[in-house]
Structures are given as C-alpha cells and as structure tokens.
1. Is the shape of the chain rounded, prolate or oblate, going by the alpha carbon gyration tensor and its root eigenvalues a ≥ b ≥ c, with a/c under 1.5 for rounded and a/b larger than b/c for prolate?
2. What number comes out for the charge environment of Ala96, summing +1 per Lys or Arg and -1 per Asp or Glu over other residues with Cβ under 9 Å away?
3. Mind pulling the angle between the C-alpha long axis of helix 20-37 and the longest principal axis of the chain? Nearest 10 degrees, somewhere in 0 to 90.
4. Considering only the chain, what is the antiparallel percent among its DSSP beta bridges, to the nearest 5?
Amino acid sequence: MLVLSGQIGISEGRLVEGGLEAELPQAMANMRALLESEGASLGDVVKTMVFLADLDDYARMNELYCEAFGDHRPARSAFGVAALPLGARVEVEAWAHVG
C-alpha cells in the first residue's frame, strides 16, 4: 500500500487562485505526480478522503473529482472541516494498492 498525505492545490509553493475550481484539479495533479514518482497511477487508488472547507462545495467537488478519476471509482469519504492549510478550499488524501 502507498499512503499519500493530503494534497491541496499548491503550485510553485503557493496555493493556486480560483477557489475549488482551480484547487481540486491542482491537488489531483499533485497526487498524480506523487503516485507516478512511486510507479503508480490514479487507477491504483483504492480509497480517498476529501476534506472540504465548505460542504456546499460538495456537488462541484464531486464533478471535478469524477473528471480526474474517469471511470475509476475508488472508495471515498468526504468531510466538512473548519479550516485547511493555507486557506485551501479542498484537500485530498489517498491510499493506493501498488502490489
């Protein structure tokens, strides 16, 4: 198993601008890069936990999340939290099976 710490929408050391619409794709890109650095891919992810600063963002998060994973649907939990690092709107943690 490969366990990835929570990823937020950081690029070049800073949180990307644009709220959830920009942050989630960047967080997923960061996750993809970490997985690939270990010889894995998003297709190897078996479980994620999504943390949202505002649960009203859930529906849009779900759309962006599904776009990132395509037809692959790992088990997922989603939680509303009081705050995230750097004022992020979303954070995604993942577990991957790398055989």
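No value in this document is a laboratory result; all are computed from the given coordinates. The model shown is predicted, which means the values in this text are computed figures rather than measured ones. Backbone-built Cβ (ideal geometry, glycine too); neighbour counts: all protein chains shown.
1. In terms of gyration-tensor shape, prolate.
2. Net local charge, Ala96 excluded: -1.
3. 20 degrees
4. 70 percent
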